[in-house]
1. Criterion first (in the same structural domain as VAL130 (by TED's automatic domain parsing), touching a Ser or Thr at 6+ places or on another chain (Cβ under 9 Å) and within 14 Å of the ligand (Cβ to nearest atom)) does GLY252 satisfy it?
2. Tell me the helices (runs of 4 or more DSSP H) entirely within segment 71-181 that contain at least 2 residues that are outside the structural domain of GLY211 (by TED's automatic domain parsing).
3. Considering only residues of segment 222-233 that are touching a helix residue (DSSP H, G or I) at 6+ places or on another chain (Cβ under 8 Å) and part of a helix (DSSP H, G or I), which is surrounded by the most Cβ atoms within 10 Å (Cβ to Cβ)?
4. Of the residues in segment 267-297, how many are within 17 Å of the chain's Cα centre (by Cα) and free of Cβ contacts under 8 Å to residues at least 60 places away in the same chain?
5. What is the number of the single condition among (1) free of Cβ contacts under 8 Å to residues at least 40 places away in the same chain; (2) touching a Gly at 6+ places or on another chain (Cβ under 7 Å); (3) within 11 Å of the ligand (Cβ to nearest atom) that GLY69 does not meet?
6. Filter segment 204-216 for residues that are buried (at least 22 other Cβ atoms within 10 Å of the Cβ) and touching a helix residue (DSSP H, G or I) at 6+ places or on another chain (Cβ under 7 Å) and give the result.
7. May I ask you to say which residue of GLU200, GLU162 is among the charged types (D, E, K, R) and under 21 Å from TYR266 (Cβ atoms)?
8. Go through segment 72-91 and give me each residue that's within 11 Å of the ligand (Cβ to nearest atom) and buried (at least 21 other Cβ atoms within 10 Å of the Cβ).
Amino acid sequence: MMKPSMLRSLHSAVSRRSSHLARRGYATEPVPERKVAILGAAGGIGQPLSLLIKLNPLVSSLSLYDIGGTPGVAADVSHINTRSEVVGYQGEDQLRKALEGADVVIIPAGVPRKPGMTRDDLFNINAGIVKSLAAAIAKYSPHALVNIISNPVNSTIPIAAEVFKKAGTYDEKRLFGVTTLDVVRAKTFYAGKANVPVAEVNVPVVGGHAGITILPLFSQATPQANLDDDVIQALTKRTQDGGTEVVEAKAGKGSATLSMAYAGAYFADACLKGLNGVPDVVEPSFVQSNVTELPFFASKVRLGKNGVEEVFGLGALSDYEKQGLENLKAELKSSIEKGIKFANQNVHVILNRVDQTVFVYDPELVIQFRRMYDVPGNISLVMELARRMVQDKGHPLLFETFLVISKRFSGAFRHMLWEVDALSDTNMVLLSETALRSPVKDN
Ligand SMILES: NC(=O)c1ccc[n+]([C@@H]2O[C@H](COP(=O)([O-])OP(=O)(O)OC[C@H]3O[C@@H](n4cnc5c(N)ncnc54)[C@H](O)[C@@H]3O)[C@@H](O)[C@H]2O)c1
């Protein structure tokens with residue numbers, strides 16, 4: 001059994017400064033009511049994240065949303081004797097309730113990496129998920145601070161920004177890419193090499209959240225340690241490859257979930273403190289930025305009552321860091337542009353509903369699914385769906401195209417139907433004649 005002291009330290013890991021606030025800062029006033037919604041709450045990150053947010057005394061209402069599995073997670077977590085009331089919401093028709101009144105929305109929804117994949121390989125699936133969830137946020141909780149964990153963060157933040165812009169709700173102060181895990185890793189790895197207590201370590205991490213776009217600034221690390229250049233280079237590389245280290249160790253069973261849940265809970269706690277008026281809450285995050293010529297960039301951000309109060313510059317960089325900064329710009333720029341392009345494409349993810357099922361016709365997407373998942377096909381299911389769809393729509397062209405895709409890529413469909421189940425009609429776009437006529441590419 002876990003000792004009471006262990007439980008206490010787990011609790012304090014995410015709420016050290018919060019409980020301090022609850023006890024001292026608000027000794028005479030109540031801690032404000034705050035609702036946090038987690039979208040993707042039943043997943044590998046979502047579950048431990050739900051647990052950690054439940055331990056946060058700044059939260060009064062915890063809303064757990066996923067396409068499935070949330071009643072169980074919510075029932076489980078709700079038995080913990082901490083402040084927040086927990087409600088589980090499952091399926092798209094409950095998304096509105098899950099979001100309404102949220103002060104902070106955390107999104108770990110999406111598929112994680114498998115060995116050999118880059119974060120960008122997740123783009124086609126996660127981009128659609130983030131796009132549809134962002135559209136729902138714009139409708140139901142437009143004033144929430146949005147913390148996006150879903151990868152590739154370098155693209156999903158620009159996607160959400162575009163969706164919010166189109167909906168007329170964009171406020172750059174309220175949109176954050178969660179890069180905290182890079183900071184958590186940099187601190188841990190640095191403490192090990194510098195032989196200093198990890199709890200005292202601070203390391204800014206700037207740039208983006210993928211490979212070389214992750215740029216830890218060890219020259220600014222505190223407590224200072226005179227580490228050799230080759231040690232700094234190895235630390236930089238390990239921080240950049242930290243995610244891959246976990247993906248490979250998990251050998252096909254996903255990416256970082258526990259350390260990510262910690263990082264996500266830590267960053268959400270910083271956002272809540274900012275909202276509550278705690279001064280000097282500064283954490284790195286991937287936000288709209290003027291720090292470089294790139295429109296989005298991770299650097300230290302001061303969090304306040306409106307979200308981002310100040311985006312800090314880079315400070316003095318070593319020559320190695322200056323070079324790293326130049327090296328990351330092209331990749332980060334292209335990931336940002338890819339996100340913007342995706343969000344503005346009219347015909348990219350093409351959806352229709354049959355029996356509450358939403359599925360995707362976009363040929364590129366089908367190919368991506370096929371590459372990533374080797375799931376046995378179920379042609380009869382696909383055919384049945386196609387038949388009903390034709391009945392629904394009476395569109396012969398649609399039927400033809402659907403058959404072409406299903407014949408070539410039927411192996412991908414079962415998983416795909418499940419996977420994109422949550423894509424909503426909020427991002428439904430009409431199947432244009434052009435898209436229908438374009439040949440299905442094989443690879
Ligand atoms: N920012 C980071 O540092 C970081 C670190 C690790 C992982 N990640 C990313 O976080 C994401 C989640 O990873 P995971 O390991 O928890 O994956 P997972 O597959 O275990 O869980 C994802 C959850 O999202 C849910 N989901 C899918 N579509 C949804 C939708 N439209 N609405 C609501 N929920 C939906 C799934 O049902 C599932 O429960 C991945 O994109 C991963 O790459 C980011």
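1. When the stated conditions are applied, GLY252 does not pass them.
2. Numbers: elements: 95-99, 123-140, 153-167.
Where helices (runs of 4 or more DSSP H) fall fully within segment 71-181, none carries at least 2 residues being outside the structural domain of GLY211 (by TED's automatic domain parsing).
3. The residue in question is ILE232.
4. 1
5. So the condition that GLY69 fails would be (2).
6. PRO204, VAL205, GLY207, GLY208, HIS209, ALA210, THR213, ILE214, LEU215, PRO216
7. Unique residue meeting the criteria: GLU200.
8. Passing the criteria: VAL73, TYR89, GLN90.
The values are calculated or read from the model by the stated rules, or taken from the named source; none is laboratory data. Note that the coordinates shown come from a computational prediction; the quantities given were computed from them, not determined experimentally. Here Cβ is always computed from backbone atoms with ideal geometry, including for glycine, and neighbour counts include all displayed protein chains.
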